[in-house]
Every structure is written in C-alpha cells, then in structure tokens.
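One structure below.
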Amino acid sequence: MRIEYLCHSCLYIETKETSLVVDPWFKGGAYMNQWQLFPKPVNTDILKDVKNIVFSHGHEDHLHPESLMELPKDATIYFPFQWRKGVKGYLKENGFNNVTEAVSFKKYNLSKDTSITFVGFALESVIVIEHKGKVIVNINDALNSHHENVVKMFLSEIKKRWEHIDYLFSGWSGAGYFPNTVHYKDKDDVEVAKIREQYFANNFCKSIQYLQPDMAIPFAPGFVLLADDKRWINDIKFPRELLEEYYKKYFDKETKTKFCIVNPGDYFDEDGFHAVSPYYMEQKNNSLNHLIDTTYPQEIKEINRIDIINEEDIKSLLDKLLIFINQNKKLFDKTVLAEAKFAVQLKDMTTTEYFNFDYENDKFHITRTKEMKKDRKLLISTDSKLLSHSISRDWGGDVLTIGYGIDVQVFDEKALEQNLDIVCVRLLTKYPTATETLSKHPFRAMSYYLRHPMMGKLALKQKITLRSAVNKFPYNERDHWINFTKCELCQVCNMPLFSFEYGEKLTV
C-alpha cells in the first residue's frame with residue numbers, strides 16, 4: 001500500500017487491487033477564489049484512473065466542483081450518509097452514477113483486501129481505511145474544534161473498534177471568520193489567532209494521546225488567503241514542525257508515536273515515510289510563504305481589484321436583502337431580532353455608506369445612511385458579490401463564514417455575550433434549515449439517527465438541554481476568544497501557556 005499526500009486535505013492511496021482519493025481539491029480556488037491551494041500539488045496525473053473517490057464532508061475545499069470534473073466518471077463515489085439530502089443527486093447530475101451514501105460504522109469493501117468505514121459527526125466524518133491489517137484513521141476536520149466530552153465519546157468508539165492504528169491524519173488548523181476577523185476594543189487579533197491555532201494543535205495532541213497511533217500526520221491547511229487585509233492569517237498557523245516537541249513536553253515525553261510532516265509529493269509505503277517533496281528545497285525557516293507572490297501573481301491582482309458596484313445594482317441588492325432577511329427572521333425569536341441592531345458596509349462602493357438593519361413591528365427595515373446609526377452593536381464589512389452569493393444559493397453563506405469574506409467590528413460587550421455576530425451573520429446567509437429538511441424528509445432523518453445511535457443520543461440530549469432556548473440567543477459560549485487575555489484564554493481552554501523562549505519559536 002502506498003499513501004501519497006497530494007495537497008490540502010487530499011490523499012491518494014493505491015494498492016495492487018484498487019486506488020482511492022480522499023477529499024480531492026487539487027485545482028482552482030475555493031469560496032469564490034478567496035482560498036487558493038498552497039503549496040500546489042506536485043503530480044495529479046495519478047488521479048486520471050482512480051477507482052474510488054471518498055469525501056469526508058461537503059465543504060468546497062473537500063468536495064470541490066472544478067477538481068471533481070477532472071476525475072473519471074466511472075469511479076465509485078463514497079459520501080457519508082447524512083440526514084440532509086441532495087449530494088447524491090448533485091453528483092449524478094455531474095455524470096457520476098456510482099454513488100454510495102455510506103452509513104456510519106458500516107464497512108465498505110473496495111477490494112478483497114481494502115475497506116473504508118465512516119464515523120459521522122454532524123455533517124463531517126472521520127474516515128477509517130483498512131488494508132491487510134494496516135489501519136489509517138483520517139480525522140480531517142471532524143473533531144478538532146468540538147466540545148471535549150463529545151470528542152472523547154467519538155475517540156472512545158474509534159479506539160474500541162480499531163485498537164491499533166498505524167496512521168493518524170488530522171486537519172491542522174481553523175478556517176472561518178471567527179475569531180480572526182471579529183474585532184473589538186483592545187483585542188490583539190494576531191495574538192488571539194495564534195492561541196486559536198494552538199488550540200487546534202492541542203486538540204490533535206489529545207487525539208494522539210488517546211488513540212496512540214504509530215504515526216501522527218498533521219496535514220492542511222494547504223491554502224492561502226490573497227486579499228491584502230487577510231494575508232496576515234497565513235502567517236499565524238501553529239508550525240507543524242513543533243508538534244513533536246510540544247507533544248513530548250506537555251503530553252507524553254516517552255511517546256513511541258512517530259511524527260511526520262508531509263508536503264505535496266511525500267508518501268508512505270511498507271518501507272516507511274519518504275520525504276521526497278521538491279518543496280523542501282524551497283523552504284525558509286520551515287516555511288514556504290515567501291513563494292506566495294510568485295505562485296499567484298495574477299490571482300493576487302484579481303482578488304484585490306475593486307470592481308465598483310453601480311447605483312442600480314446597489315438598489316437591486318438592497319431589495320433582495322430586505323426580502324431575504326425577512327424570510328430568514330424565522331430562525332430567531334423576536335427578542336433576539338430586536339437586539340440585532342447592526343450595519344453592513346460594502347467595500348466596493350465609491351462612497352462610505354452604511355446599511356442599517358432594524359427589527360420593528362415584526363419585520364426588518366434597512367436604512368441607508370452616510371453616517372452609521374449610533375446605536376449599532378456591530379458592523380459587518382464585505383463586498384456586494386460575496387453578499388449576493390451568500391443570500392442566493394443554499395450553502396452560499398460559506399463564502400462569508402468559511403471563506404473569510406467578512407469583517408465584524410463589535411461595539412457592545414453585551415453583543416459578545418449574546419453572540420450577536422452569529423445572529424447577524426446568520427441572517428445574511430442562506431443555509432438549509434434543519435426544520436425544513438426534517439419536514440421534507442422525515443424518514444431519511446429517522447433512518448440516519450437509527451443507523452447512528454451516537455448522533456441520535458447527542459441530538460436528543462441537545463434537544464432536552466436547549467428546549468427552553470430554542471431560537472433564543474445562540475447557545476455557544478465563545479466570547480472569551482474576543483475579550484480575554486492570552487493567559488486567560490490558555491486557562492479557559494485548558495492549554496499550557498508557552499514560556500517566552502518557546503513562544504519565540506512560533507514567530508521565527
């Protein structure tokens with residue numbers, strides 16, 4: 001068996017009898033080109049005849065339309081069975097007829113000696129690949145940011161079923177506007193972002209400690225942001241090269257787990273790990289970020305070019321926003337909507353203007369002003385193309401939330417406690433709602449929870465816990481990421497506080 005790291009979250013696995021690619025994003029940008037692959041893959045020709053395509057979940061950097069079209073139509077696709085419907089139809093519309101919606105904990109044989117098993121968590125999943133006694137566990141994005149008790153429950157089930165794990169792969173970083181582009185007085189965005197990245201690294205270390213794999217491989221994020229005001233986010237990632245030292249210092253100094261840092265083109269086989277990527281020759285201080293400008297010169301120009309929106313299109317967008325937000329208001333209780341006094345500013349206008357949103361007499365009103373209303377609790381900055389995309393199609397909101405398409409300036413501390421940024425951003429994003437989906441496909445949802453008792457138990461517990469808070473202020477304690485100090489953040493997240501000398505390594 002050969003396991004090759006292609007790029008971002010994309011793995012290619014080949015045996016004598018079959019082959020599979022996991023989460024193939026290997027060409028083009030994502031989230032309206034706000035994300036670009038970096039470093040780029042070394043060789044994708046091996047995918048031309050791939051037999052199986054495996055997706056952990058449906059985010060665009062995993063199920064990527066442009067990359068998908070480059071793959072053979074006769075390949076068998078495996079996508080986790082979810083209570084939401086639609087992915088299978090989408091794939092068939094694009095010419096893929098061999099689509100299996102994989103039920104959690106059910107083993108699917110790709111050949112006589114190779115199988116895959118999904119462990120679904122919400123809309124994401126862990127993928128377990130087995131070949132002749134070897135076990136690969138790919139956590140990917142599924143467990144790196146969730147509540148510790150929930151993560152332990154899933155890790156326990158994985159350990160019970162696969163006692164010995166040879167390879168443990170995991171996504172390495174966060175993605176999305178929170179907390180990096182949420183701004184508040186005295187908040188140091190860079191410092192908080194670094195602590196947030198440590199948080200994800202720390203969570204991976206917990207998974208390593210619990211599962212005790214032979215090899216631990218942190219992969220992703222294999223993307224960069226090219227917008228001038230977002231490029232700083234490329235530089236705050238927790239260095240993967242420090243993982244082994246961090247783990248031995250704070251978790252298990254006698255560990256037998258081997259830590260492997262992969263770059264595109266590196267691979268594993270029966271003889272071990274082969275660090276053969278050409279990118280090693282390009283590194284400076286274990287970083288490739290100095291290559292961003294030469295890798296994406298045209299894309300940098302395009303993402304930073306401001307195409308001014310004309311007055312007619314502004315009015316059209318405001319009309320659409322007003323209709324959309326008054327449809328979307330059903331997501332929250334009236335008491336929440338009354339607190340959602342926010343403004344939106346478009347970066348692609350010739351003048352500085354504000355669109356003030358107010359909920360009065362059971363509906364939202366939008367007021368266009370030269371000066372922002374003084375009672376605003378927060379300001380959302382974006383551009384018209386992203387905002388229009390966000391309200392125009394299902395899952396369109398990903399371009400704002402995951403794609404870093406917004407900045408949120410918070411003015412009121414109470415707004416942090418009430419997570420009003422979640423409320424206001426959610427009001428401006430189009431996603432399928434659970435209520436609508438369950439009403440349309442009740443038997444599918446029932447089937448999902450019956451086939452996945454762990455998720456059924458969690459859903460029932462959440463329903464009981466949050467019964468009195470349905471549609472009230474979001475049940476999500478996270479304001480500490482905005483108004484806590486570095487020391488306080490480490491304490492509340494139960495993480496070690498770096499010494500000065502150790503912290504210096506993070507800034508090299």
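The values are calculated or read from the model by the stated rules, or taken from the named source; none is laboratory data. These figures come from a predicted structure and were not determined experimentally. Counting neighbours? That spans all protein chains shown, and the Cβs are built from the backbone with ideal geometry, glycine included. Just the protein is used for accessible areas: all its heavy atoms, side chains included, with ligands, DNA and RNA removed. Shrake-Rupley method; radii C 1.70, N 1.55, O 1.52, S 1.80 Å.
Cross-link check: pairs 106/160; 187/334; 334/374; 132/256; 206/249; 187/230 evaluated at a Cα-Cα cut-off of 20 Å; pairs beyond the cut-off: 187/334; 334/374; 132/256. Taking every DSSP beta bridge that has both residues in the chain, what percent is antiparallel when rounded to the nearest 5? Restricted to the chain, the bridges split so that about 65 percent are antiparallel. The HN-Hα couplings worked out from phi for region 143-156 by the Karplus form 6.51 cos²θ - 1.76 cosθ + 1.60 (θ = phi - 60°) are 10, 7, 9, 9, 4, 4, 5, 5, 4, 4, 4, 6, 4, 4 Hz, whole numbers, x standing for Gly and Pro. The mean accessible area for residues of region 1-137, using a 1.4 Å probe and ignoring ligands and nucleic acids, is 36 Å² per residue. Region 149-209 and region 216-280 have Cα centres lying 14 Å from one another.
Label zone of residue 122 (point 7 Å out along Cα→Cβ, amide N under 14 Å): in region 166-206 this covers 174-179. When Rg and the Kirkwood radius Rh are both evaluated on Cα atoms of region 297-423, their ratio Rg/Rh stands at 0.96. As a quick test, which of the pairs 88/159; 92/315; 347/373; 315/377; 92/440 have an alpha carbon distance above 26 angstrom in this structure? 88/159; 92/315, as the Cα separations exceed 26 Å there. Remark: region 104-120, residue by residue, has Karplus-estimated 3J(HN,Hα) of 4, 6, 9, 7, 10, 8, 8, 7, 4, 10, 10, 9, 10, 9, 9, 10, x Hz, where x stands for each Gly or Pro and the curve is 6.51 cos²θ - 1.76 cosθ + 1.60 at θ = phi - 60°. The residues of region 338-448 expose, per residue, 43 Å² of accessible area to a 1.4 Å probe.
The fraction of accessible area contributed by carbon and sulfur in region 3-151 is 45 percent, rounded to a whole number (1.4 Å probe; ligands and nucleic acids excluded). For region 266-312, the solvent-accessible area works out to 68 Å² per residue, with a probe of 1.4 Å and every protein chain left in place. Remark on residue 258: its backbone amide H falls under 5 Å from those of 215, 216, a criterion applied only to residues 5 or more positions apart or on other chains, H modelled at 1.01 Å from N. Near residue 392, once Lys and Arg are set to +1 and Asp and Glu to -1 for all other residues with Cβ below 15 Å from its Cβ, the sum equals -1. Split the accessible area of region 188-329 by element, probe 1.4 Å, and carbon with sulfur accounts for 48%.
Taken along the Cα-to-beta-carbon direction at a fixed 7 Å, the label points for residue 480 and residue 412 span 2.5 nm. When only alpha carbons are used to place a centre, region 301-367 and region 371-423 end up 9 Å from one another.
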